[in-house]
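The values are calculated or read from the model by the stated rules, or taken from the named source; none is laboratory data. In this text, all values refer to a predicted model and were calculated from it rather than measured experimentally. Note that each Cβ is placed from the backbone with ideal geometry, even for glycine, and that neighbours are counted across all protein chains shown.
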Amino acid sequence: MTTLGARSWYKADLAGFEVARLVATGVLILGTSACSMSFPIASLVDETTTSAVTRRTVSPLSPDLGSEDWRRAKAALAVALDPQGSGAQVSWDNPETRLHGTFTPVGQPFVKTDEICRAFVAKIAGQAIASSLQGTACRPSGDEWTIKEVKPFKKS
């Protein structure tokens, strides 16, 4: 092989290496750029903005209820509104947050748009809060109760 032939082969090999390096760099950039991409995902809970703080509202009853408070309250709501239940008041509490409350069914269950619904009165209390609410919750057959309407309690 002549010197000129060796140089041509070397340049061709070097050019091939450069192309391979550029392709590898491009693949690396494309592959890792997905790590920094973000896609909007609809939130499962409402977001309430107060001042400069964004707080996720876990419960439709009160922004003061955390997820564990709401889990306990929701269980009590299901028992209180059960159409086969006694219709008596059901209590809940969370010793960690010191929040507690009651649900009292009001009236008989009724059907609305293929769901069983029932009105209720709720009371929530804790160190810094005390509220009485009235509302309506509904559930499709075999599903969970969902609060459809809630507002401050007003005696009639």
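Yes or no, residue by residue, for (1) closer than 23 Å to residue 143 by Cβ; (2) of a type in the set (Asp, Glu); (3) exposed (fewer than 10 other Cβ atoms within 10 Å of the Cβ); (4) modelled with pLDDT of 65 or more:
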| position | (1), (2), (3), (4) |
| --- | --- |
| 23 | no, no, no, no |
| 63 | no, no, no, yes |
| 72 | yes, no, no, yes |
| 84 | yes, no, yes, yes |
| 93 | no, yes, no, yes |
Quiz item: Looking only at region 125-156, which residues are of a type in the set (Ser, Thr, Tyr), modelled with pLDDT of 90 or more and under 29 Å from residue 114 (Cβ atoms)?
Solution: 136, 146
Practice problem: Collect the residues in region 99-124 that are more than 20 Å from residue 85 (Cβ to Cβ) and modelled with pLDDT under 95, keeping them in residue-number order. | Solution: 113, 114
Quiz item: Which one is farthest from the chain's Cα centre (by Cα), of the residues in region 95-116 that are farther than 27 Å from residue 130 by Cβ and surrounded by 15 or more Cβ atoms within 10 Å (Cβ to Cβ)?
Solution: 109
